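Worksheet for the structure shown next.
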Amino acid sequence: MNQRFKHLFRKYLDNNCSREEFNELFAYMEQEGNQDSMEAVLKSLTEEQEPERSVRRKWLLPAIAAAASILVVVAAVSWWQTQTSNPAKGLVKNGIEQSGTVLSKSTEKSEYKYILLPDSTQVWLNADSKLDFPELFDSKKRVVYLTGEAYFDVRHAEKIPFIIHTGKVRTEVLGTAFNIKAYPDMEKITVSVKRGKVKVNYADREVAVLTKGKEVVIAQQSQQVKEKPVKEEQTAGWQEGNLVYDDYSVGDILADLERVYNVKIQVGSSELKAIRVTTNLKRQYGVENALEILARLTGTEIAIDNGIYIMKK
């Protein structure tokens, strides 16, 4: 199992795990008795001297060190119990209250996390995102609050709806798998369904009932709603390293790349930010490759000044 764990952990560090591999990795981490073998694998990774690029060496060792400290905690207690606790008596937003302690899980830029909720719903949290949820759901509803992007695989519970609030968007399900992208600084919100059925409300009005292979796009300024088909591999494609942008503004794409790679990117003009692009980028190829592709699509150039990427005509 050591070699398998090593292989999965390498893919995790590369942000290249499939959902199945991600589940397998964390299931192994949570099993009692695996502490020694995990530490041995981590030690071997730090000692390896592979001919890797300097960019990769910069983040590999700190990432392994951080992961090692996490694994020590995982071996002692269930990892989801270590999430930051808010001493508030309940989760109260938009008039909806959940009893019990509020838990909060968040990611930094270029960071991705897996969360197991109290009802066994699985959540994959994308970069620069946050999820608030109660320590225990009540018997009538399961309510969480998302800022950013996440993929949910909701545990089915008859007559106990699962409700996600993301700004003005309210998404309700019983048991399904779907992705929500709702960063406050982006011009549109998307909800795409991989399995089951999802009801989407925006500003207290129902805008879509989605089934497998469907996506709704909501423009935050104009409140225009567009429903369209979506390929299965594009639903939460970010988990496999696919950065899919269908009719996105350059400004929103660059904001997304800043989150994914934890870099700073400046744009020469508001007109350039407004250019709309459809493209599919690969996260593992790096930010410079992504920017080169965008530059070709927009007829622009990319420069670097004091570590800041600049896109200009």
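Of all DSSP beta bridges located in segment 211-313, what percent are antiparallel, nearest 5?
Counting DSSP beta bridges with both partners in segment 211-313, the antiparallel share is about 85 percent.
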- Leu174: accessible area at probe 1.4 Å, nearest 10 Å²? 70
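Please give the direction-averaged projected area of the C-alpha convex hull for segment 163-208, in square nanometres with one decimal.
Value for segment 163-208: 3.0 nm².
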- Message: Can you work out the Karplus-derived ³J(HN,Hα) for every residue in segment 202-213? Use 6.51 cos²θ - 1.76 cosθ + 1.60 with θ = phi - 60°, whole Hz, and x for glycine or proline.
- Response: 10, 6, 6, 10, 6, 10, 6, 10, 9, 10, 3, x
- Distance in nm between pseudo-label sites at Asp305 and Gln221 (7 Å out along the Cβ direction from Cα): 2.6
- Query: Taking H as built 1.01 Å from N, whose amide H comes closer than 5 Å to the amide H of Val277, not counting residues under 5 places away?
  - Reply: Asp247, Tyr248, Ser249, Val250
- Task: Hey, can you grab everything whose amide H is under 5 Å from the amide H of Val230? Only 5+ residues off in sequence or another chain; H modelled, so Pro and N-termini drop out.
- Result: Lys214, Glu215
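Pulled fully out, how much extra length does the chain show between Glu288 and Leu136, if you take 0.36 nm times their separation in residues and subtract their Cα-Cα distance? Show your work: numbers first, answer last.
Details: separation 152, 0.36 × 152 = 54.72 nm, distance 4.36 nm.
Between Glu288 and Leu136, full extension yields an extra 50.4 nm.
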- Message: What is the distance in Å between the Cα centroid of segment 256-280 and that of segment 190-252?
- Response: 20
- Message: Eigenvalues of the Cα gyration tensor times 5, then square-rooted: what semi-axes does that give for segment 138-263, in whole angstrom, largest first?
- Response: 23, 16, 14
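The values are calculated or read from the model by the stated rules, or taken from the named source; none is laboratory data. Worth saying up front: this structure is predicted, and the values here are computed from it rather than measured. Positions of Cβ are backbone-derived with ideal geometry, glycine not excepted, and every protein chain shown enters the neighbour counts. Accessible surface areas use protein heavy atoms only, side chains included; no ligands, DNA or RNA. Shrake-Rupley method; radii C 1.70, N 1.55, O 1.52, S 1.80 Å.
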